[in-house]
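See structure below.
Values in this text are rule-based calculations from the coordinates and carry no lab data. In this text the structure is predicted, and so the values were computed from the model without any measurement. Cβ coordinates were reconstructed from backbone atoms using ideal geometry, including for glycine residues, and neighbour counts include every protein chain displayed.
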Amino acid sequence: MKIIVFSPHPDDEIFGCGGSILKWIEEDHDVHVIYISDNRAIITWAKKHGNFIETEKNKNLTEEQVAKIGLKEAREAARFLGFSDNNIHLFGLPDSHVKDYIDKGVELAKPIVKDADRFIIPSANNEHPDHQATYEIAVRTAEELNLKNLEFYVYALYNPLRAESENLVKIKMGDLRQKLYDGLQIYKSQFWSKEMSRNILWVKGKRRERFGYYQFQDIGKHYNF
């Protein structure tokens, strides 16, 4: 099975579905990860929310320099999870502005996903604009390619998962938590925000991942999809 993971930012692949990724790769599926944005706004965002941890290394960085660091960390983290280099795709769209690049995201995605069996995507009705834009890129790509046999696993970050029981998939990942925790340590630039130190502890306590399961004909009929 060819599985495509859409990650709005580097680290969302671990927070959203990291345990499932490890299981799918172990099961020898053809798993790809698409990092939509470049994390260039981490310092700007952290300063805005009073969470920035300033160091000698980061205090004078430009957003372009931060973006290069973010994408380098993404590739390293993906390799750590077990992705082959050919299955790691870095779109590098500007963090916090993905909604302005949806058309470009769709065109970049098409050659990668044209023969996919499953999309792993962030939820619709998402409070984070980059997550919502990533959802729209994935769904529009599926529609324009007319991937009628495609199945969708929807994960929820920044908003609730409201999948009906018949649409709910739970994947146990308790024994994989330490590897996910170690994988997040690769994202050193994320620790420039105090928020990351709190979020990483959540991963250590996570025992299962939950997805809304939908098919092509379900697009637009559910809260999360």
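Restricting Tyr181, Tyr153 to residues that are surrounded by fewer than 18 Cβ atoms within 10 Å (Cβ to Cβ) and either out of contact with any Gly (no Cβ under 6 Å at 6 or more places or on another chain) or within 30 Å of Lys48 (Cα to Cα) (or both) narrows the list to Tyr181.
Scanning segment 154-176 for residues that are of a type outside the set (A, V, I, L, M, F, W, C) and either within 17 Å of the chain's Cα centre (by Cα) or part of a loop (DSSP other than H, G, I, E, B) (or both) gives Tyr155, Tyr158, Asn159, Pro160, Arg162, Glu164. A residue that is buried (at least 20 other Cβ atoms within 10 Å of the Cβ), β-branched (Val, Ile, Thr) and either touching a residue at least 40 places away in the same chain (Cβ under 8 Å) or farther than 23 Å from Asn199 by Cβ (or both) can be found somewhere in segment 58-67.
Listed conditions (1) charged (D, E, K, R); (2) farther than 21 Å from Val31 by Cβ; (3) assigned to a helix (DSSP H, G or I) are all met by Glu56, apart from (3).
Pairs linking a residue in segment 2-30 that is at positive phi to a residue that is of a type outside the set (Lys, Arg) and in a loop (DSSP other than H, G, I, E, B), with Cβ atoms under 7 Å and 6 or more positions apart or on different chains, are Asp11/Tyr187. In segment 2-33, of all residues being touching a Pro at 6+ places or on another chain (Cβ under 8 Å) and not in a loop (DSSP other than H, G, I, E, B), the one that is surrounded by the most Cβ atoms within 10 Å (Cβ to Cβ) corresponds to Phe6.
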